[in-house]
Amino acid sequence: MPHGNCYLWKPGLVWLHLLSDAFIALAYASIPLTLIYFVYQRRNLPFSRIFLMFAAFIIACGTTHAMAIWTIWHPDYWLSGLVKAITALISVYTALELIPLMPKAFDVASAVELEAANKRLEAEIRERQQTEVALRRSQDEIQQKATLLEKALRDLQHAQAQLVHTEKMSSLGQLVAGLAHEINNPVNFIFGNLVHAKNYAQDLLKLISLYDKHYPQPVPEIQTTAEQMDLAFLRDDLPHLLESMEVGTKRIRQIVLSLRNFARMDQAEVKAVDLHEGLEGTLLILQNQLKAKPGYAEINIVKEYGDLPKVECYVGQLNQVFMNLLSNAIDALEESRTTDNGQNHPTIRIRTEAIAPNQVAIRIIDNGPGMTEKTQRQLFDPFFTTKPVGKGTGLGLSISYQIVVDKHQGQLNCRSAPGQGAEFAIAIPIQQHRQQQIPQPEVSLTA
Ligand SMILES: Nc1ncnc2c1ncn2[C@@H]1O[C@H](COP(=O)(O)OP(=O)(O)OP(=O)(O)O)[C@@H](O)[C@H]1O
Ligand SMILES: [Mg+2]
């Protein structure tokens with residue numbers, strides 16, 4: 001018998017049940033859809049399984065209400081009972097599943113707790129960001145301090161290098177100046193007296209000629225003595241001898257002058273000088289090292305001196321630069337001096353020229369082994385040397401660079417390649433005080 005009979009087919013009662021069951025069934029159908037949609041959108045949703053079970057449970061409940069509508073007209077109570085039984089199964093299963101989940105569900109933070117935790121996290125992030133900024137600032141400060149320290153260290157190294165080299169050069173200067181002074185006095189003494197010696201000798205020779213003329217037959221004792229001393233040769237040779245003594249003394253005086261010139265290390269102020277004099281003085285000091293020695297060929301010096309005006313400079317310091325460059329060239333030629341095959345004779349060229357109205361260039365060129373690019377990059381670094389310990393301090397070029405570039409506002413360049421020799425070019429202004437107004441051309445290197 002249809003269930004409608006129980007409602008006595010009263011339209012009001014039937015409609016009331018029908019509509020209520022219909023709405024419940026519809027609502028029960030829509031809720032699981034929402035739940036399933038929610039579970040699939042929130043991939044990491046905790047307890048998603050129980051949500052799906054709720055969905056199944058609600059669908060089952062909805063179906064029982066749909067069956068309630070069906071049974072108003074159709075008495076399929078077995079089917080209706082079966083649907084209820086399935087619903088009961090799902091409900092019981094869901095209820096049983098739900099109970100053990102409770103403690104875990106309690107652990108899930110509430111929205112308020114989440115918000116508080118969120119705020120704590122935000123505060124922590126802000127704090128960390130501030131710490132990061134402070135850290136970066138202190139890192140910058142440390143970096144700046146490290147840069148300053150590095151610069152101070154470099155300056156110190158430079159100062160030390162300069163001290164060591166200045167000390168070395170000033171000792172050499174003092175030695176040379178002392179020697180020049182000691183030699184100068186006796187040489188002047190000899191040179192001054194040579195004139196008189198020549199006059200006296202001429203007078204005496206004249207007197208002997210007169211004796212010869214008026215006493216052609218001297219006593220035998222005079223005759224014997226004259227023969228013994230080979231008077232004829234003596235009379236002929238004495239003027240030549242005195243002449244060569246004069247030439248020799250003049251040469252010594254010249255050397256002394258060059259030595260004194262070289263030793264003008266202590267001159268603190270700028271002076272207009274002939275740079276060739278400085279070069280000559282330096283060559284003189286180094287002459288012994290240029291000469292041929294057993295097993296060592298002589299080093300040729302080719303002077304290609306141009307027409308240079310007087311140059312305002314710290315002459316002692318510039319001589320120091322010439323000394324460093326020439327010494328380096330001599331050192332570089334050491335090997336080729338021992339293996340000289342005559343084709344590439346060890347040679348140093350010194351070329352000077354005026355390269356601009358206010359600038360002169362001095363080039364020191366050797367045909368030694370040259371340098372690799374790596375060596376050239378470090379050439380002017382203090383303490384860089386490829387020479388054995390005790391031979392080179394590695395200061396020569398760094399000091400020279402400082403003297404030419406910092407002290408004279410000039411340029412010091414090097415051009416070299418392995419097996420191609422080396423060329424060092426110095427360019428300095430003729431007038432120190434005007435150098436800032438006149439643009440300086442780049443010194444070009446010519447092999
Ligand atoms: N003319 C050159 N030919 C080849 N190498 C050179 C020449 N001049 C300099 N060098 C290289 O440059 C290096 C540095 O030269 P620098 O004059 O500064 O120091 P040093 O000669 O080694 O020592 P110091 O001059 O202090 O006694 C030398 O060790 C050498 O390797
Ligand atoms: Mg050197």
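The values are calculated or read from the model by the stated rules, or taken from the named source; none is laboratory data. Because the structure is predicted, anything quoted here is derived from the model rather than measured. Reconstructed Cβ throughout: ideal geometry from the backbone, glycine too, with neighbour counts over all protein chains shown. For the accessible areas, the whole protein counts, side chains as well, though only heavy atoms, and no ligand, DNA or RNA atoms are used. Shrake-Rupley method; radii C 1.70, N 1.55, O 1.52, S 1.80 Å.
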Review point. To the nearest 0.05, what FRET efficiency results for L210 and V247 with a Förster distance of 35 Å applied to their C-beta separation?
Key: 0.75
**Study point:** Value of [θ]222 nm, deg cm²/dmol, for the chain, DSSP H segments ≥ 4, -39500 (n - 2.57) each, nearest 500
**Key:** -22500 deg cm²/dmol
Revision key, fill the gap. Residues of the range 226-266 with backbone N under 16 Å of the label point set 7 Å from the Cα of K198 along Cα→Cβ are 237-254
Practice item. Determine which lysines satisfy two conditions relative to K119: a Cα distance under 26 Å, and not lying fewer than 8 residues away in the same chain. Key: K104
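Ratio of alpha-carbon Rg to the 2.2 N^0.38 Å globular estimate for the chain, to two decimals, please.
Values: Rg = 55.6 Å, N = 447, 2.2 N^0.38 = 22.4 Å.
Expressed relative to 2.2 N^0.38 Å, the Cα Rg reads 2.49.
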**Study point:** Rounded Å value of the spacing that divides the Cα centres of the range 261-314 and the range 356-425
**Key:** 17 Å
Review point. For the peptides 176-186, 137-147, what is the packing order when you average, over each peptide's residues, the other Cβ atoms within 10 Å and list the highest mean first?
Key: 176-186, 137-147
Review point. In degrees, nearest 10, range 0 to 90: what is the angle between the Cα axis of helix 275-290 and the longest Cα principal axis of the chain?
Key: 90 degrees
Point to revise | Label-to-label distance, nm, for residues given as A356 and I36 (7 Å Cα→Cβ offset) | key: 8.9 nm
Check your understanding: Gain in length, L231 to V405, computed as 0.36 nm per residue apart minus the alpha-carbon separation, to one decimal in nm?
Key -> 56.1 nm
Study note, to complete from the structure: Taking alpha-carbon centroids only, the range 39-70 lies from the range 177-244 a number of Å equal to 144 Å
**Study point:** Rg and Dmax of the range 3-108, Cα atoms only, in Å
**Key:** 17.0, 53
**Study point:** Residue among I301, T375, N185 farthest towards the positive dipole end of the chain, charges placed on Cβ
**Key:** T375
Revision key, fill the gap. Ordering 326-334, 188-196 by per-residue average of other C-beta atoms within 10 angstrom, highest first, gives 326-334, 188-196
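Under unit Cβ charges (Lys, Arg +1; Asp, Glu -1), what dipole magnitude, rounded to 20 debye, does the chain have relative to its Cα centre?
On the way: 41 positive and 45 negative charges, 347 e Å.
Dipole about the Cα centre, nearest 20: 1660 debye.
Which links in K168/K391; K198/K250; K151/K387 stretch past 21 Å when you go from one Cα to the other?
Details: K168/K391 13 Å; K198/K250 15 Å; K151/K387 27 Å.
Over 21 Å apart, Cα to Cα: K151/K387.
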Revision key, fill the gap. Amide H contacts under 5 Å for F383, restricted to residues at least 5 apart in sequence or on another chain and with H modeled in the peptide plane, are L395
Exercise for review: Kindly give the semi-axes, whole Å and largest first, of the ellipsoid equivalent to the range 185-292, taking each as the square root of 5 times a Cα gyration tensor eigenvalue.
Suggested key: 47, 15, 9
Check your understanding: Against the longest alpha carbon principal axis of the chain, how many degrees, from 0 to 90 and to the nearest 10, is the axis of helix 111-214 turned?
Key -> 10 degrees
Review point. Roughly speaking, to the nearest percent, how much of the range 1-138's 1.4 Å accessible area is carbon and sulfur?
Key: 70 percent
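Considering every pair of different Cα atoms, what Kirkwood radius, in Å, is found for the range 55-211? If you can, show how the numbers build up before the last one.
On the way: mean 1/r = 0.0343 Å⁻¹.
For the range 55-211, the Kirkwood estimate is 29.1 Å.
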Check your understanding: Residue farthest toward the positive end of the dipole of the range 3-108, with Cβ of Lys/Arg at +1 and Asp/Glu at -1: which of S91, P75, M102?
Key -> M102
Check your understanding: Against the longest principal axis of the chain, how steep is helix 77-107, in degrees 0 to 90 to the nearest 10, with axes from Cα atoms?
Key -> 40 degrees
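With every protein chain present, what is the per residue accessible area of the range 292-447 (1.4 Å probe, Å²)? Could you put the intermediate results ahead of the total?
Details: 7450 Å² over 156 residues.
Accessible area per residue: 48 Å².
What is the calculated FRET efficiency for F384 to A27, with r their C-beta to C-beta distance and R₀ = 60 Å, to the nearest 0.05? Don't jump to the answer; show the numbers that get you there.
Numbers: r = 91 Å, r/R0 = 1.52.
The calculated FRET efficiency here is 0.10.
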Study note, to complete from the structure: Row for the range 292-447, column shape: gyration tensor on C-alpha, a ≥ b ≥ c, rounded if a/c < 1.5 i.e. under 1.5, prolate if a/b over b/c, else oblate; value prolate
Check your understanding: By per-residue mean of other Cβ atoms within 10 Å, what is the highest-first order of 361-370, 73-82?
Key -> 361-370, 73-82
